[in-house]
């Protein structure tokens, strides 16, 4: 579990499946997550098992984001393996009504900090659909550098990364 100023991030559980389906299937949300092909009940039923298995194996992974003040679930975020690559990615997605309120930045920064300072990771990557300006601007605000276009999750994405040294230097107080 990870906590930020306004968020509590708890490991996703099988009991979260119906909420995950409801949160990720609306078009404004799923269009940046591979569309209905990847965000449908059958695909998410398989995916949630992968999330749970990764967390159990590694001690970190995709979490449900809850508002600290109310306990309301607003999205998912976490550190996970980027597909079949050796990279650990930070990922986040929010229900549309929570867009543009700083939650994406707050969870992304929190996961980068946790990944580097607590888990000892040396590099963290992130990907975003090219049209998802809000997401890749969060990556840039966190200090991540654009490396180019790549194909992940069956779509072309903007690929970003940051090294532990860069993150720690940028955020030294």
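The values are calculated or read from the model by the stated rules, or taken from the named source; none is laboratory data. All values derive from a computational prediction rather than experimental measurement. Note that each Cβ is placed from the backbone with ideal geometry, even for glycine, and that neighbours are counted across all protein chains shown.
General remarks:
To keep it simple, each residue is scored yes or no on (1) at pLDDT 95 or above; (2) in contact with a helix residue (DSSP H, G or I) (Cβ under 9 Å, 6 or more places away or on another chain).
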position	(1), (2)
38	no, yes
48	no, yes
52	no, yes
57	no, no
80	no, yes
90	yes, yes
94	no, yes
97	no, no
121	yes, yes
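- Restricting region 130-173 to residues that are touching a strand residue (DSSP E or B) at 6+ places or on another chain (Cβ under 6 Å) and not in a strand (DSSP E or B), the residue that is surrounded by the fewest Cβ atoms within 10 Å (Cβ to Cβ): 130
- Residues in region 1-26 that are under 14 Å from residue 94 (Cα atoms), modelled with pLDDT under 95 and either part of a strand (DSSP E or B) or in contact with a strand residue (DSSP E or B) (Cβ under 8 Å, 6 or more places away or on another chain) (or both): 19, 20, 23, 24.
Table: residues versus (1) surrounded by fewer than 17 Cβ atoms within 10 Å (Cβ to Cβ); (2) touching a strand residue (DSSP E or B) at 6+ places or on another chain (Cβ under 8 Å); (3) part of a loop (DSSP other than H, G, I, E, B).
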position	(1), (2), (3)
49	yes, no, no
66	no, yes, no
74	no, yes, no
79	no, yes, no
83	yes, yes, yes
92	no, yes, no
104	no, yes, no
117	yes, no, no
126	no, yes, no
